[in-house]
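The block underneath contains the structure these notes are about, expressed in structure tokens.
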Amino acid sequence: MPKIEKLKIEHKPLHCPLCEKRFMNILGQPLPNHCQIRCTTTSGNEMDLGICSDCVETGVSLETCQAILEGIKDFWVFEINNNRQMKEDEKIRRKEFHNSHRISDVIRVYNTGKEASVKAKKKGHLK
């Protein structure tokens, strides 16, 4: 029987993993089209996945969230492997920690980009 591989979506920092539109500025702050999907993990913790508002409107399944997380895990491992200042035992420990994350449920969608724009307008940072 063939091995079933997990669906994985490549992580591109500051960009939506589904449509690849940019949704964060260079400082990591949300642009108006940024949304977050709050998920729970199998260990009972919560984690947020960034997706653009257009993709959220088309619908995002639990399987899609899991595929996005798998792509993020690959990115984390790549970053850890390329870190020259981290000791080997620390690299192993961090990779095991990141690879242990599993999404069990989607809780809520936050329109963080719109919320950030409203707050910035109130403070006079945006017109």
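Here is how the numbers come out for the structure above:
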read-out: Helix 62-81 axis, angle to the chain major axis (alpha carbon atoms, nearest 10°); value: 70
read-out: Counting all C-alpha pairs of the stretch 58-127, share separated by more than 16 Å (%); value: 65
read-out: For the chain, calculated [θ]222 nm from helices alone, where every DSSP H run of n ≥ 4 adds -39500 (n - 2.57); value: -12500 deg cm²/dmol
read-out: Accessible surface, the stretch 72-127, averaged per residue in Å² (probe 1.4 Å); value: 81
read-out: Unsatisfied cross-links (Cα-Cα over 32 Å) in the set 21/123; 8/87; 91/119; value: 91/119
read-out: Rg ratio (alpha-carbon, reference 2.2 N^0.38 Å) - the chain; value: 1.19
read-out: Counting all C-alpha pairs of the stretch 1-63, share separated by more than 18 Å (%); value: 43
read-out: Cα-centred dipole magnitude for the chain, charges only on beta-carbon of K, R (+1) and D, E (-1), debye, nearest 20; value: 600
read-out: Karplus-derived 3J(HN,Hα), 6.51/-1.76/1.60, for each residue of the stretch 92-98, Hz, glycine and proline x; value: 4, 4, 5, 4, 4, 4, 5
read-out: Table column - 3J(HN,Hα) (Hz), the stretch 106-115, Karplus curve with 6.51, -1.76, 1.60, x for Gly and Pro; value: 9, 9, 7, 10, 10, 8, 5, x, 5, 4
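The values are calculated or read from the model by the stated rules, or taken from the named source; none is laboratory data. Just so it is clear, the model here is predicted, and its values are computed rather than measured. As a convention, Cβ positions derive from the backbone with ideal geometry for all residues, glycine included, and neighbour counts pool all protein chains shown. Surface areas here come from the heavy atoms of the whole protein model, side chains and all, with no ligands, DNA or RNA. Shrake-Rupley method; radii C 1.70, N 1.55, O 1.52, S 1.80 Å.
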